[in-house]
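Working notes for the structure below.
The values are calculated or read from the model by the stated rules, or taken from the named source; none is laboratory data. The model shown is predicted, which means the values in this text are computed figures rather than measured ones. Note: ideal-geometry Cβ built from the backbone for every residue, glycine included; neighbour counts use all protein chains shown. Calculation scope for accessible area: heavy atoms of the full protein, side chains included, ligands and nucleic acids excluded. Shrake-Rupley method; radii C 1.70, N 1.55, O 1.52, S 1.80 Å.
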Protein chains: 2
Amino acid sequence: MRTLFTAEMSELADDLAAMARHVSVAIDRAGEALLTQNAELAQQVIAEDAELDAIEETVDERCVLLIAQQQPVGLDLRTIIVGLRISAALERMGDLAQHIAEFARRAYPDSAIPASHTETITAMVAASKKVALEIVELIEGRDLNVAAGIVSDDDTLDELHATSYRLMLEDGYTATPQEILNIALLSRYFERFGDHAVGVSRRIVYLVTGDHTGGRALI
Amino acid sequence: MRTLFTAEMSELADDLAAMARHVSVAIDRAGEALLTQNAELAQQVIAEDAELDAIEETVDERCVLLIAQQQPVGLDLRTIIVGLRISAALERMGDLAQHIAEFARRAYPDSAIPASHTETITAMVAASKKVALEIVELIEGRDLNVAAGIVSDDDTLDELHATSYRLMLEDGYTATPQEILNIALLSRYFERFGDHAVGVSRRIVYLVTGDHTGGRALI
């Protein structure tokens, strides 16, 4: 088990877990707001993103202090720097949840999603929520089997993203420019959310196993 | 003048400059490919993104080695970590140029841009090229006046992004779903390119001046 999870760095691990839980709540609420036209919930996601940014800043400070105080080298140093990359990715996942909430709020009282895409976007919301919960589980429980689930859910998000665009580009498809714009961006945000989740997952696996194979590319 | 630019860290500064030059060439060619339906040039941008990824890996390795070998603390340490953030942002700017090139290639032999948006996207290409050149100039010449130009060009990109969406959402606007999808994403990519440029610029100003005001948020 790698150094990030030894007692000295447990606060750092706790902060990363707090960030992951925050992201999980944010994507859950953003998805709910999008699917049920809940402007209040959307507003909450948007307002609370600042909290995630604040935790990220704390994590980054802790990483810098850990390096300065412990003067780590080799894998210990890489571990902390990988922690910085994880915090940046989680912060970005929070931004994406916020962007999704902004679409829900802007469309209110209408739905941001045309009926043609309800099924696909509902499935994207479900896969995003699942992947966010798995990230929490991976950080808190360090069960590496969860990592495979994250990759699989990202594949699902990629397929749904392709489906979403394909539906829109079929002959005879009609929708307003606003609807097409919404689908183009919302679908992209969910797809990016999955990409970041896989990046976080690979880095956590690296931290837990200390497996340096491919470690360079994770820094 | 901050530590990154002392002799010991000059290779790191050289690598960041090389990354910035690569991004500048990539956005120049991607914009040209987009505006002139040049599939060959688009393909070149896509193929060459791997080189940027390789330089990023080198930069990141150099940062880790600098920390391990020099055991820096305080501002010296922050400087190197800010270098890691700059390399990540430049790599992302290269990805955005690649995405733009992918649209040009996919639409070939047609244009990816409907006539309604030629003017706006042409202006976005120009502002993106300008901002990328300014990043090179800022890294190579350390003339802090350039930073103000970068912020101003990012404002231009934000305005053009808003114009692009507004045009598309005007009553009576008609375009194919593919055209709307293209505009929705291309416009977003240029806007994000500007955002990253401002992030890079703020961090370089921090490295050059050593001004720690707001430094926490830059790490």
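One table, with the values for the structure above:
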| quantity | calculated |
| --- | --- |
| Every residue from the stretch A:114-172 that is open to solvent by less than 30 Å² (accessible area, probe 1.4 Å), away from chain B (no Cβ under 14 Å) and farther than 23 Å from A:Ser201 by Cα | A:Thr120, A:Ile121 |
| Selection count, the stretch B:57-91, where residues are touching a Pro at 6+ places or on another chain (Cβ under 7 Å) and open to solvent by 50 Å² or more (accessible area, probe 1.4 Å) | 0 |
| Unique match (being open to solvent by less than 10 Å² (accessible area, probe 1.4 Å), away from chain A (no Cβ under 11 Å) and assigned to a helix (DSSP H, G or I)) among B:Ile183, B:Ile204 | B:Ile204 |
| Residues satisfying the stated conditions in the stretch A:127-162, i.e. modelled with pLDDT of 95 or more and out of contact with any helix residue (DSSP H, G or I) (no Cβ under 8 Å at 6 or more places or on another chain) | A:Ser152, A:Asp155, A:Glu159, A:Ala162 |
| Test: residue in the stretch A:98-108 that is open to solvent by less than 10 Å² (accessible area, probe 1.4 Å) and within 11 Å of chain B (Cβ to nearest Cβ) | no |
| Where B:Arg188 falls short, out of the listed (1) part of a helix (DSSP H, G or I); (2) free of Cβ contacts under 8 Å to residues at least 12 places away in the same chain | (2) |
| Filtered residues of the stretch A:127-149 (kept if part of a helix (DSSP H, G or I) and without any contact (Cβ under 8 Å) to a residue 60 or more places away in the chain) | A:Lys130, A:Glu137, A:Gly141, A:Asn145, A:Val146, A:Ala147, A:Ala148, A:Gly149 |
| Residue in the stretch B:76-88 that is within 14 Å of chain A (Cβ to nearest Cβ), at pLDDT below 95 and touching a Gly at 6+ places or on another chain (Cβ under 7 Å) present | yes |
| A:Ala18 being touching a helix residue (DSSP H, G or I) at 6+ places or on another chain (Cβ under 8 Å), open to solvent by less than 10 Å² (accessible area, probe 1.4 Å) and part of a helix (DSSP H, G or I) | no |
| Counted residues, the stretch B:39-56 - those being within 16 Å of B:Ala20 (Cβ to Cβ), within 14 Å of chain A (Cβ to nearest Cβ) and open to solvent by 50 Å² or more (accessible area, probe 1.4 Å) | 2 |
| Scan of the stretch B:20-54 for residues that are within 15 Å of the chain's Cα centre (by Cα) and more than 23 Å from B:Leu186 (Cβ to Cβ), ordered by number | B:Arg21 |
| Qualifying position, being touching a Ser or Thr at 6+ places or on another chain (Cβ under 6 Å) and at pLDDT 95 or above, among B:Gln43, B:Gln98, B:Gln37 | B:Gln37 |
